[in-house]
Amino acid sequence: MNKWATLFGAMLLTGCVATPDPGSEKITVLWGDALEMLHCEDKGVVVGSQGHWYDYWLIEDGVLTQGAVNELRNKAMLLEADTVLLYAPKPFSTSVTFLAKAYRCHP
């Protein structure tokens with residue numbers, strides 16, 4: 001019985017992937033050069049990450065990536081940003097992590 005409870009608990013933890021907050025889908029996600037953002041107001045750095053050492057093998061890479069992007073957008077929205085400029089992704093084997101700069105480009 002204890003083995004099944006442990007397995008069930010681990011499976012519940014794998015379902016924890018960030019979902020987009022209402023309105024966050026309007027935030028533009030860009031790869032590019034910071035020079036493109038010269039006309040924008042810098043709102044700060046945001047980090048989006050999904051996956052853990054104990055569950056990464058149970059979740060598809062695309063789902064982890066989308067969860068990390070959702071987390072970026074959610075955090076950018078809290079900063080009242082409308083655009084995030086992604087830096088190169090961090091190479092972790094057990095998760096997907098994006099570091100980005102949040103900007104407000106449209107009044």
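The values are calculated or read from the model by the stated rules, or taken from the named source; none is laboratory data. Keep in mind the model is a prediction, meaning the values are calculated, not measured. Every residue, glycine among them, receives a Cβ derived from its backbone with ideal geometry; neighbour counts consider all protein chains shown.
If I ask for residues that are crowded, with 19+ Cβ neighbours inside 10 Å and closer than 13 Å to residue 47 by Cα, which ones from region 91-107 would you list? Within region 91-107, 96, 98, 100, 101, 102 qualify.
The residue pairs whose first member lies in region 34-51 and is more than 13 Å from residue 83 (Cα to Cα) and of a type in the set (Gly, Ala, Ser), whose second member is modelled with pLDDT under 95 and surrounded by fewer than 16 Cβ atoms within 10 Å (Cβ to Cβ), and whose beta carbons are closer than 7 Å, counting only pairs six or more residues apart or on different chains, are 51/94. When region 1-41 is filtered for residues that are over 27 Å from residue 94 (Cα atoms), surrounded by 13 or more Cβ atoms within 10 Å (Cβ to Cβ) and modelled with pLDDT of 85 or more, the ones remaining, listed by number, are 37, 40, 41.
Restrict the check to region 87-95 and report whether at least one residue is within 24 Å of residue 23 (Cα to Cα) and either in contact (Cβ under 8 Å) with a residue 40 or more places away in the chain or among the polar types (S, T, N, Q) (or both). No: region 87-95 contains no residue that is within 24 Å of residue 23 (Cα to Cα) and either in contact (Cβ under 8 Å) with a residue 40 or more places away in the chain or among the polar types (S, T, N, Q) (or both).
Scanning region 91-107 for residues that are under 15 Å from residue 29 (Cβ atoms), assigned to a loop (DSSP other than H, G, I, E, B) and of a type in the set (Gly, Ala, Ser) yields no hits at all.
Residues in region 54-78 that are hydroxyl-bearing (Ser, Thr, Tyr) and assigned to a helix (DSSP H, G or I) were compared, and the one that is farthest from residue 96 (Cα to Cα) is 56. For residue 58, the stated conditions hold: it is surrounded by fewer than 19 Cβ atoms within 10 Å (Cβ to Cβ) and farther than 18 Å from residue 28 by Cβ.
Taking region 18-52 as the range and being part of a loop (DSSP other than H, G, I, E, B), out of contact with any Asp or Glu (no Cβ under 8 Å at 6 or more places or on another chain) and under 15 Å from residue 98 (Cα atoms) as the test, the residues that pass are 32, 51, 52. Between 88, 81, the distinction of being in a loop (DSSP other than H, G, I, E, B) and exposed (fewer than 12 other Cβ atoms within 10 Å of the Cβ) belongs to 88 only.
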